[in-house]
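Asker: This is the structure I want to talk about, given as C-alpha cells.
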Amino acid sequence: MQSLPGFRDFFPSDCARRNYITGTWRRVARSFGFAEYDGPTLEPLDLYRKKNSGGEILGQLFSFTDRGEREVALRPEMTPTVARMLIAKAREYRKPIKWFSIAPFFRYEKQQSGRLREFLQLNCDLVGDASPAADAEMLALLIETMRAFGLTAEDIVVRVSDRGAWMDFLAQQGVKDEAQAREALSVIDKLEREPRETLEKKLSALGLTLSAVEEFIKSARPAFFEKLSGNLEARGLEDFCELDLRIVRGLAYYTGLVFEVFDRRQSRRALAGGGRFDRLLSDLSDGKVDLPAIGFGLGDVVLGDLLEDLPATKARMAAAIAAAQAVDIYVVVADESRRTEALGVVQLLRALGRSVDYPLGADKVGRQFKDADASGARYALVVGAEWPAMKLKDLKARTESDLPQESLADWAGSLQTPAP
Ligand code: HAM
C-alpha cells in the first residue's frame, strides 16, 4: 500500500535532510533570541472559519466531525493557534514577545510542484511592537535563515509590499467596503497566475481596471520602504529585498507590511510568506488583547527543492546529512575471544558521548572494515590478540597507531565534536 497523495514517508536519509533543515531553522531563530513553542495539530474548525485565516485555506481544510460530535480540522497554518495562545497568556510575557515553532501543517492542495498536503513550516512571530525596527528585525531573521543554508542574494529575493497602501488605493478607486476590498486583494494576489481576460473581468466586477492596478504597482512607493532598506543596509542585507506591490498575500488577517520569498532564477511557488497582522489578536479577543504583530511562515518543500538544485547548497546539505548519519567510531572485534573486552570499550566510548558501532556476531576482519567504512566512522578501533593494546586507524587520514586501554578515555575526550 502507498502513502496518500501529498504525504511523505521519511526514510533515514530523508529524516537526516529534514533534521538539517529544521536544525538550521532552530539555530538561527535562537540566535535572534526567539523562544520555541508549539500547539495542537487538531483544532476546532471554528478557529479557521471565523475571519482568522480566510482566503483559499478555508477550501483546503482537512476537517471532520470527531466521535464527540465536534467539528475539527488539522491545522493548515499556525497563526490562528498562536493568536489564541497569545490572547490567553500575553500579559505574562515581556514585550516584545518573540516566538518560533517548527511543526507540520495540512492543506488539501491540488497536486502541483512545491505543494504537498502535509508539510513543515518554521513560524516566527514578534508581538507587541509596531515599529519599523521590528519589521526590519523580522526580515533580517528571514534572510539570515536563508543565508544559513548558503543561499545568497543572487539566489533568492524577499519581495516586500504594503497592504495599507493597497487599501488606500482601493478606497480612492471607490472600493470602500471591507469585504469587497478583500475580494479585490485576492484577485490581485493572482495577477501573475491568471490570464489577463479573467483578471479584467474579475476586477471590473469590483469597479476596478487592470490598467489602474498595474499603474499603481509601477509607481507607488510606500513611505516605510526607505526606513526598512536603511536598517537592512546597516546589516549588509539590502540586496535581498525589493519593493514589489504585486505581493498582497492570500490570507485575510494581514494589515500592513507583507512579503514573500522567491527563487530569483525559476518561477517556483513562494518559499516563505508573512506580514503584519496588527488587528488579529484584538479581533479574536473582542478587543480584550490588542497587540500589534508581525510574522512569517517558511515551508520545507520549496526550500528543499531549491537547496537540491543549486550545486553549492546541495553539497553543503549532503555533507551535513552524511555527518549526521555517520558514527564516530567503529570497534572491530579482530579476535572473538576478546568480545567481552570489546563490549567494555564500546560501553565506555558511548558513555563518553561518542556514537559507536560494532559487529553483533563473529565476522571476518575485512568485512568489518567494509562495515566500518559504510558506517561513515572516522575511526576504527581494533580489539584483538594484543589486548590491552588496541590499534587505532584513522579511516580518513589512512594512518594507524597503537592505543593502550588506559589512554582510551583521554583519546575519546580529545575528539572534536562537530558543531550541531
Ligand atoms: P502561507 O503563505 O500560507 O503563510 O505559507 C507560508 C509558506 O508555507 C509558503 O510560502 C510555502 O513555502 C509553505 N506552504 C504553504 N502551503 C504549502 C503546501 N501545501 N505545501 C508545501 N508548502 C506549503 C502562512 O501560513 C502564514 N500563517 C505565515 C505567517 C506567520 N504569517 C504571520 N505569521
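Asker: Looking at Arg193, is it assigned to a loop (DSSP other than H, G, I, E, B), more than 24 Å from Tyr253 (Cβ to Cβ) and not small (Gly, Ala, Ser)?
Answerer: Values: assigned to a loop (DSSP other than H, G, I, E, B): yes; more than 24 Å from Tyr253 (Cβ to Cβ): no; not small (Gly, Ala, Ser): yes.
No.
Asker: What helices (runs of 4 or more DSSP H) completely inside the stretch 236-345 contain at least 3 residues that are free of Cβ contacts under 8 Å to residues at least 12 places away in the same chain?
Answerer: Numbers: elements: 280-284, 301-309, 311-325.
By residue number, 311-325.
Asker: Still on this structure: Being in a helix (DSSP H, G or I), in contact (Cβ under 8 Å) with a residue 12 or more places away in the chain and either outside the structural domain of Arg147 (by TED's automatic domain parsing) or open to solvent by 20 Å² or more (accessible area, probe 1.4 Å) (or both) is the filter here; which residues of the stretch 226-235 pass it?
Answerer: The initial filter retains those residues of the stretch 226-235 that are in a helix (DSSP H, G or I), namely 226-234.
Remaining after also requiring in contact (Cβ under 8 Å) with a residue 12 or more places away in the chain: 227-229, 231-232.
Answer for the stretch 226-235, where residues must be in a helix (DSSP H, G or I), in contact (Cβ under 8 Å) with a residue 12 or more places away in the chain and either outside the structural domain of Arg147 (by TED's automatic domain parsing) or open to solvent by 20 Å² or more (accessible area, probe 1.4 Å) (or both): Lys227, Ser229, Asn231.
Asker: Can you confirm whether the stretch 18-36 contains a residue that is open to solvent by 60 Å² or more (accessible area, probe 1.4 Å) and over 28 Å from Arg316 (Cβ atoms)? Steps first, answer last, please.
Answerer: Narrowing the stretch 18-36 to residues open to solvent by 60 Å² or more (accessible area, probe 1.4 Å): 18-19, 26-27, 30-31, 36.
Then drop every residue that is not over 28 Å from Arg316 (Cβ atoms), which leaves none.
For the stretch 18-36, residues open to solvent by 60 Å² or more (accessible area, probe 1.4 Å) and over 28 Å from Arg316 (Cβ atoms): absent.
Asker: Looking only at the stretch 23-41, count every residue that is among the small types (Gly, Ala, Ser), farther than 17 Å from Arg235 by Cβ and within 14 Å of the chain's Cα centre (by Cα) and tell me the total.
Answerer: 1
Asker: Okay, moving on. Among the residues of the stretch 308-327, is any within 16 Å of the ligand (Cβ to nearest atom), in contact with a helix residue (DSSP H, G or I) (Cβ under 7 Å, 6 or more places away or on another chain) and among the charged types (D, E, K, R)?
Answerer: Yes - at least one qualifying residue is present in the stretch 308-327.
Asker: If I filter the stretch 213-222 for residues that are over 25 Å from the mean Cα position of the chain (by Cα), at pLDDT below 90 and surrounded by fewer than 17 Cβ atoms within 10 Å (Cβ to Cβ), do I get at least one hit?
Answerer: Our first condition is that a residue be over 25 Å from the mean Cα position of the chain (by Cα); within the stretch 213-222, this holds for 213-222.
Within this subset, residues satisfying the condition of being at pLDDT below 90 are 220-222.
Remaining after also requiring surrounded by fewer than 17 Cβ atoms within 10 Å (Cβ to Cβ): 220-221.
There is at least one residue in the stretch 213-222 that is over 25 Å from the mean Cα position of the chain (by Cα), at pLDDT below 90 and surrounded by fewer than 17 Cβ atoms within 10 Å (Cβ to Cβ).
Asker: Okay, next question. Mind listing whichever residues of the stretch 295-315 are surrounded by 21 or more Cβ atoms within 10 Å (Cβ to Cβ) and among the aliphatic types (A, V, I, L, M)?
Answerer: Leu298, Val302, Leu303, Leu306, Leu307 - these are the residues of the stretch 295-315 that are surrounded by 21 or more Cβ atoms within 10 Å (Cβ to Cβ) and among the aliphatic types (A, V, I, L, M).
Asker: Out of the strands (runs of 3 or more DSSP E) lying entirely within the stretch 369-408, which hold 1 or more residues that are acidic (Asp, Glu) and closer than 20 Å to Arg354 by Cα? Show your work before the answer.
Answerer: Working: elements: 379-383, 389-394, 399-404.
In the stretch 369-408, 389-394, 399-404 are the strands (runs of 3 or more DSSP E) which contain 1 or more residues that are acidic (Asp, Glu) and closer than 20 Å to Arg354 by Cα.
Asker: Moving on to the next point. Does Arg159 satisfy being part of a loop (DSSP other than H, G, I, E, B), touching a residue at least 12 places away in the same chain (Cβ under 8 Å) and of a type in the set (D, E, K, R)?
Answerer: Numbers: part of a loop (DSSP other than H, G, I, E, B): no; touching a residue at least 12 places away in the same chain (Cβ under 8 Å): yes; of a type in the set (D, E, K, R): yes.
No, not satisfied.
Asker: Out of all the residues in the stretch 239-278, which are at positive phi and open to solvent by 10 Å² or more (accessible area, probe 1.4 Å)?
Answerer: Arg249
Asker: OK, next. Which one of these is touching a helix residue (DSSP H, G or I) at 6+ places or on another chain (Cβ under 8 Å) and either modelled with pLDDT of 95 or more or more than 14 Å from the ligand (Cβ to nearest atom) (or both): Gly273, Gly304?
Answerer: Answer to the check: Gly304.
Asker: Identify, from the list Ala323, Ala389, the residue that is more than 30 Å from Thr81 (Cα to Cα) and open to solvent by 40 Å² or more (accessible area, probe 1.4 Å).
Answerer: On the way: Ala389 fails: open to solvent by 40 Å² or more (accessible area, probe 1.4 Å).
So the residue among Ala323, Ala389 that is more than 30 Å from Thr81 (Cα to Cα) and open to solvent by 40 Å² or more (accessible area, probe 1.4 Å) is Ala323.
The values are calculated or read from the model by the stated rules, or taken from the named source; none is laboratory data. Because the structure is a prediction, the values reported are computed rather than measured. Neighbour counts are summed over all protein chains in view; Cβ atoms, including those assigned to glycine, are modelled from backbone coordinates with ideal geometry. SASA here: full protein model, heavy atoms, side chains in, ligands and nucleic acids out. Shrake-Rupley method; radii C 1.70, N 1.55, O 1.52, S 1.80 Å.
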